[in-house]
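Handing you this structure, nothing more for now.
What follows draws every value from the coordinates through simple rules; no lab data is involved. Keep in mind that this is a model prediction, so the values were computed, not measured. Cβ coordinates were reconstructed from backbone atoms using ideal geometry, including for glycine residues, and neighbour counts include every protein chain displayed.
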């Protein structure tokens, strides 16, 4: 019980004093996860839309594979990216291991299947709804995808949130490819893992509280946007 | 081929751009060292590295993992310097051509900790071999790192010296956690078990709960740290000059003095013992 109350006051202290080290860690966490979600969105949404609308051989297989990849353990993905980026690996010459870029790459790959699969689901439903109109307007494939993405934009925010939640919560991948280097690749989740291993539970829990509050504020922001749209 | 290359390069560039950092052309001078969780968790690096950076303007980035994994990272060329604590593995690293030369840096010692009720009755033992024998005889829970770290290797060698085959009891009273020192101490605290830890991690560890330091002082519990430059002839990107500068500073008089001055709760955590240059 004392751990819970003391970690809560630690969390409040950390936030109120605007602890610079905490700020650095929070900023890096956001930078990495938001970048990953943006890149995954740029690739994943058109991919999901394509799978929802176009009929081509192998479509069902790709959709199934994407859904399964949603369950990929971050630590496995981290290991794969580690082996790719290691100096002994195929992309070793760029020296990207143990940098924030490596962390963005790992999280992008982690989030991509989630965003693509959810987009496919959302747009497939929407497509049924709009199918006749599309045909009567003779909208071509790409134009149709654009229209659907636009019409479904508020539901698609949910896919984005799911991706962001996954990215900001995972520790396995960023620990391996980032290395938890102080001031360079230390993010919230790796700090929590480290403080737990040092037995400093209240600091670890305090960071956990701050992480949840952060994700909560992003979610509240998105609900507000969605609510505003519903009113309009 | 060139087209594929172009694609890879531009995809990577996109990532770097999005990550908003200049990772490809690092703005500052830095080296990466692969090291152990014990040195990182002790707080030594946070004390030591700014002093080195002040003297040379070189930042040191520490990847803290178990000794076994640190050696793997260095073998692949993903670090410039290796600073770990298992001399036989370090010497093999050099003789296999992965490292240039090994230097002694500092030492401290391992200790046996366990529940304050001490069911095996080992408190105050001066011989670690006898203590382990008692723990085994009484079948008291012992949590082992089980992660190929320097501490794990040391612990295994102590069991072997005591003539006890722990693998026979693996999963019974002998429990391998497969994780770091702190995590293993957490498990020991939770299960009222014994474990072996380096002294600095123990001093810094905040979740001691019911655990107490029970056995210390046996010369067999000596814990030596060594530092090695990763061989630049195997990997052309190794920052040999700056890496060697770091090693030279560590084993120089100023570096050694700083190591001796570091305190955890008023106690000296590491004892510098590089041969005088």
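Which whole-angstrom value gives the distance between the alpha carbon centres of the stretch B:204-255 and the stretch A:158-232?
Going from one Cα centre to the other spans 32 Å.
Show that you can apply the helix-only estimate: for chain B, add -39,500 (n - 2.57) for every DSSP H stretch of four or more residues, divide by all residues, and state [θ] at 222 nm to the nearest 500.
-12500 deg cm²/dmol
Return the whole-Å distance between the Cα centroid of the stretch B:102-165 and the Cα centroid of the stretch A:113-145.
So the two Cα centres are separated by 64 Å.
Would you mind calculating the relative contact order of chain A from Cα pairs under 8 angstrom and at least 6 residues apart, reporting the percent as a whole number?
32 percent
Taking a spot 7 Å from the Cα of residue A:169 along the direction of its beta carbon, which residues of the stretch A:199-215 have an amide N less than 18 Å from it?
A:205-215
Then there is this: Among bridges DSSP assigns within the stretch B:109-221, what percent are antiparallel (round to 5)?
60 percent
Output the peptides A:7-18, B:90-101 sorted from most to least packed, where packing is the average of other Cβ atoms within 10 Å over each peptide's residues.
Averaged packing, sorted descending, gives the order B:90-101, A:7-18.
To continue, here is another question. Could you give the angle, 0 to 90 degrees to the nearest 10, between helix A:100-137's Cα long axis and the longest principal axis of the Cα atoms of chain A?
30 degrees
Taking the highest mean first, how do the peptides B:53-60, B:183-190, B:131-138 order by number of other beta carbon atoms within 10 angstrom per residue?
B:183-190, B:131-138, B:53-60
What base-10 log of the normalised intensity I(q)/I(0) is obtained for the stretch A:69-113 from the Debye formula, alpha carbons as equal point scatterers, at q = 0.17, 0.19, 0.22 Å⁻¹?
Debye intensities relative to I(0), on a log10 scale: -0.43, -0.53, -0.68.
I've got another one for you. How crowded by other chains is B:178-184, given as the mean number of beta carbons from other chains within 10 Å of each beta carbon?
For this peptide, the per-residue mean of nearby foreign Cβ atoms is 3.
Compute the helix-to-body angle for B:181-191: its Cα long axis versus the longest principal axis of chain B, expressed 0 to 90° and rounded to tens.
Compared with the principal axis, the helix lies near 30 degrees.
Only Cα pairs under 8 Å and at least 6 apart count here; give the relative contact order of the stretch B:167-277 as a rounded whole percent.
Relative contact order here is 17 percent.
Now a separate question. Taking the Cα-to-Cβ direction at residue A:231 and at residue B:206 and moving 7 Å from each Cα, how far apart do the two end points lie in nm?
4.3 nm
May I ask for the angle, rounded to the nearest 10°, between helix A:188-197 and the longest principal axis of chain A, with both axes built from Cα atoms and the value confined to 0 to 90°?
Tilt of helix A:188-197: around 40 degrees.
Now for a separate question. Separation between the residue B:220 and residue B:57 pseudo-spin-labels, each 7 Å from Cα along Cα→Cβ, expressed in nm?
In this crude label model, residue B:220 to residue B:57 measures out at 5.2 nm.
Gaussian network model of chain B, Cα springs within a sub-10 Å range: biggest mean-square fluctuation belongs to which of B:167, B:49, B:82?
Taking springs between Cα atoms under 10 Å, the residue moving most is B:167.
Another question, if that's okay. How big is the Rg/Rh ratio for the stretch B:109-221, C-alpha atoms only, Rh by Kirkwood, two decimals?
That ratio is 0.90, to two decimals.
Measure off 7 Å from each Cα along the Cα-to-Cβ vector at residue B:276 and residue B:29, then give the distance between these two points in nanometres to one decimal.
Between residue B:276 and residue B:29, the simple spin-label model gives 3.0 nm.
Give me the inter-chain shielding for B:207-217: mean count of other chain Cβ atoms within 10 Å, whole number please.
Mean inter-chain Cβ contacts per residue within 10 Å come to 1.
Let me ask something else. Rounded, prolate or oblate: which fits chain A, taking a ≥ b ≥ c as square roots of the Cα gyration tensor eigenvalues, rounded meaning a/c under 1.5, else prolate when a/b beats b/c?
Note, shape of chain A comes out oblate.
Which of the peptides B:198-208, A:177-187 is most tightly packed, and how do the rest follow, judged by the mean count of other Cβ atoms within 10 Å per residue?
A:177-187, B:198-208
Once you average over the residues of A:194-207, how many Cβ atoms of partner chains fall within 10 Å of each Cβ?
5
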